[in-house]
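Below is one structure; the comments refer to it alone.
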Amino acid sequence: MNLELLESFGQNYPEEADGTLDCISMALTCTFNRWGTLLAVGCNDGRIVIWDFLTRGIAKIISAHIHPVCSLCWSRDGHKLVSASTDNIVSQWDVLSGDCDQRFRFPSPILKVQYHPRDQNRVLVCPMKSAPVMLTLSDSKHVVLPVDDDSDLNVVASFDRRGEYIYTGNAKGKILVLKTETQDLVASFRVTTGTSNTTAIKSIEFARKGSCFLINTADRIIRVYDGREILTCGRDGEPEPMQKLQDLVNRTPWKKCCFSGDGEYIVAGSARQHALYIWEKSIGNLVKILHGTRGELLLDVAWHPVRPIIASISSGVVSIWAQNQVENWSAFAPDFKELDENVEYEERESEFDIEDEDKSEPEQTGADAAEDEEVDVTSVDPIAAFCSSDEELEDSRALLYLPIAPEVEDPEENPYGPPPDAVQSSLTDEGIGSEKKRQCSSDGPQAPKKKPKTTNIELQGVPNDEVHPLLGVKGDGKSKKKQAGRPKGSKGKDKDSPFKPKLYKGDRGALPLEGAAKGKVQAELGQPLTAGGAISELL
């Protein structure tokens, strides 16, 4: 597909709603892969739903966690996914097989996970009330990043566009720039509110192109900086932001901000309602406000890497925002001029002759001469949008699409396998066999799944009683924890289809609503959960 042809002449941002993606479970977070062909959605029952974004169909469902998924990130080549859940576990997944490669258990809830942009062996993790941690997946080791003030550990962090530096920000407005390899401090500055007052850093986001990044702060202003200027200023510098973006009328606080694929626009999702504000980065003017359903709260926003498309999550449903494609059904003359009304066409006498005998041979110049040149139609040029500025070729190993298994009408009747009675009788004859034998008799010869290695990450001085923001306020009452986290405005919607769990063929079944209470009781008693017991913490 030629991406240059997809570029619309005019604005490069979405203008209207373009449908929704219903994930069966309630969606909480979403992220595109590097090419925008797949969208991974983390749900409140612990599943990761991967959508084929071109066909808008579900390509794969990974039964990842028991608790809600709170953060997701794709690896650079698209073969791996790293996820974090509200029970303090970080896992790496093989996208093709759906298997878990590794698991890390942290003492406190995880706010964000991010792969190194160029090295998928390293993952940046931001736990609550702790300094950010960089994991090395190959040897399961971790490095705690240095912070400015040990007493203030509300720290957010992000790799820069190429992963050479890590930017961290704390609740006192201090930004530190660390060299990724050595964790040495390279530059630092403080975000101030015009006076000596400081403001807490909520998030740091980098553009996919260029050196710009934005800082979302508690004073409801989005500041855009140039990374090169930050490095030039060095330690305790005083760089000026390129732009300051805010909603002056409503003083809206921002839940999530990100850049467009080309880095020319910035979208910010309101923390009060389902509203997306889009600014042009170069000028700083507000170009569009997209309004979702009134009364819904926004959870996450992601901009497509190469198209003017935004995915936003509210009330458990992924909304897609895109441009309005106007179809042109006009009539055209043979010379491709648009016609307003029918015109009688007069054919020239020599128009359809193979060679015009009467035509004189003029000198070929300019465009006519270029027509006779041989056009190379065999070599494939790399698509510029898929390559970084320091690369000439696309990644040949990239996983752009997932094979979709055909839906079987009745999966219980297998025409090629043994009849169900034969399988049952063989099982009863053998008695209680090992788990491997059961798998082989029912599913045919199948290699037993390797149990993922779980590593406990010990962090000094980190409280163990923290509750993830998605689950609500910290407290002893269990009822608080259960009812919190459900987006406001979704009350009573569990009767409707978007939030009612449906059974998906070839996948573990979500609990029906009346069985959910039984599953929660089992979980509290410490009993093992069955495969059909997808616990919905937020419902």
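The values are calculated or read from the model by the stated rules, or taken from the named source; none is laboratory data. These figures come from a predicted structure and were not determined experimentally. Cβ placement follows ideal geometry from the backbone for every residue including glycine, while neighbour counts extend to all protein chains displayed. When the accessible area is computed, the model is the full protein with side chains, heavy atoms only, and any ligands, DNA or RNA have been set aside. Shrake-Rupley method; radii C 1.70, N 1.55, O 1.52, S 1.80 Å.
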Completion exercise
Among (1) touching a strand residue (DSSP E or B) at 6+ places or on another chain (Cβ under 9 Å); (2) at pLDDT below 90; (3) not aromatic (Phe, Trp, Tyr), SER151 falls short only on (1)
Exercise for the section: Tell me which residues, restricted to segment 29-58, are of a type in the set (A, V, I, L, M, F, W, C) and under 29 Å from ARG162 (Cβ atoms). Expected result: CYS30, PHE32, TRP35, LEU38, LEU39, ALA40, VAL41, ILE48, ILE50, TRP51, PHE53, LEU54
Exercise for the section: Output the number of residues of segment 161-188 satisfying the condition of being among the hydrophobic types (A, V, I, L, M, F, W, C), open to solvent by 10 Å² or more (accessible area, probe 1.4 Å) and over 27 Å from the mean Cα position of the chain (by Cα). Expected result: 2
Practice task
Answer yes or no as to whether PHE259 is in contact with a helix residue (DSSP H, G or I) (Cβ under 9 Å, 6 or more places away or on another chain) and crowded, with 18+ Cβ neighbours inside 10 Å.
Solution key: no
Handout entry: Cβ pairs under 7 Å, 6+ apart, first in segment 453-474 and without any contact (Cβ under 8 Å) to a residue 60 or more places away in the chain and on the phi > 0 side of the Ramachandran plot, second open to solvent by less than 30 Å² (accessible area, probe 1.4 Å) and assigned to a loop (DSSP other than H, G, I, E, B)
Key = GLY472/ALA484; GLY472/GLY485
Practice task
Within segment 231-251, identify whether any single residue is β-branched (Val, Ile, Thr) and surrounded by 15 or more Cβ atoms within 10 Å (Cβ to Cβ), and answer yes or no.
Solution key: no
Practice task
Considering (1) open to solvent by 10 Å² or more (accessible area, probe 1.4 Å); (2) closer than 23 Å to THR455 by Cβ, say which one ALA84 fails and leave the rest.
Solution key: (1)
Handout entry: LEU72 being within 15 Å of the chain's Cα centre (by Cα), open to solvent by 10 Å² or more (accessible area, probe 1.4 Å) and farther than 18 Å from ARG161 by Cβ
Key = yes
Practice task
Given the conditions (1) more than 21 Å from LEU471 (Cβ to Cβ); (2) surrounded by 21 or more Cβ atoms within 10 Å (Cβ to Cβ), report the number of the one that VAL155 does not fulfil.
Solution key: (1)
Exercise for the section: Could you tell me which numbered condition LEU393 fails, if it satisfies all but one of (1) modelled with pLDDT under 70; (2) in contact with a Pro (Cβ under 7 Å, 6 or more places away or on another chain); (3) surrounded by 10 or more Cβ atoms within 10 Å (Cβ to Cβ)? Expected result: (3)
